[in-house]
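Heads up, the thing below is written out as structure tokens.
Derivation of every value follows stated rules applied to the coordinates shown; laboratory data play no part. Quick caveat: nothing in here was measured; it's all calculated off a predicted structure. Glycine also receives a Cβ, built like all others from the backbone with ideal geometry; neighbour counts cover every protein chain displayed.
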Amino acid sequence: VDMSSLLDYDSGFWRWQGSLTTPPCSGGVRWFLQREISAVEWKQREAFKHHVGSFPGNARPTQPLNGRSV
């Protein structure tokens, strides 16, 4: 699946330093989030689902902010 076809580069992105979402939940991860929602065709969704499999949901509970702002 060509993930770049799902991105809208003109909308811009938010970027922040974070951590893994699954154990060991270590830091050093750079996260990117597209600012605008993109429409995805059903065919693209099914192709992604085929390659990735089912999504189990969150791997850990929401963490304290520890002085950080969101």
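So between L33 and S19, what do we pick up on full extension, going 0.36 nm a residue minus the alpha carbon distance?
Residue separation times 0.36 nm, minus the Cα-Cα distance, leaves 3.6 nm.
Enter the angle in degrees (range 0 to 90, nearest 10) between the Cα long axis of helix 42-52 and the first principal axis of the Cα atoms of the chain, meaning the one along which they spread out most.
50 degrees
Based on the alpha carbon coordinates of the chain, what radius of gyration and maximum Cα-Cα distance (Dmax) apply, in Å?
Cα only, the chain: 14.9, 42 Å (Rg, Dmax).
In deg cm²/dmol and to the nearest 500, what is the mean residue ellipticity at 222 nm of the chain if only DSSP H runs of at least 4 residues count, each as -39500 (n - 2.57), divided by the residue total?
-5000 deg cm²/dmol
Treating only the Cβ atoms of Lys and Arg (+1) and Asp and Glu (-1) as charged, compute the dipole magnitude of the chain about its Cα centre; round to the nearest 20 debye.
Computed charge dipole of the chain: roughly 340 debye.
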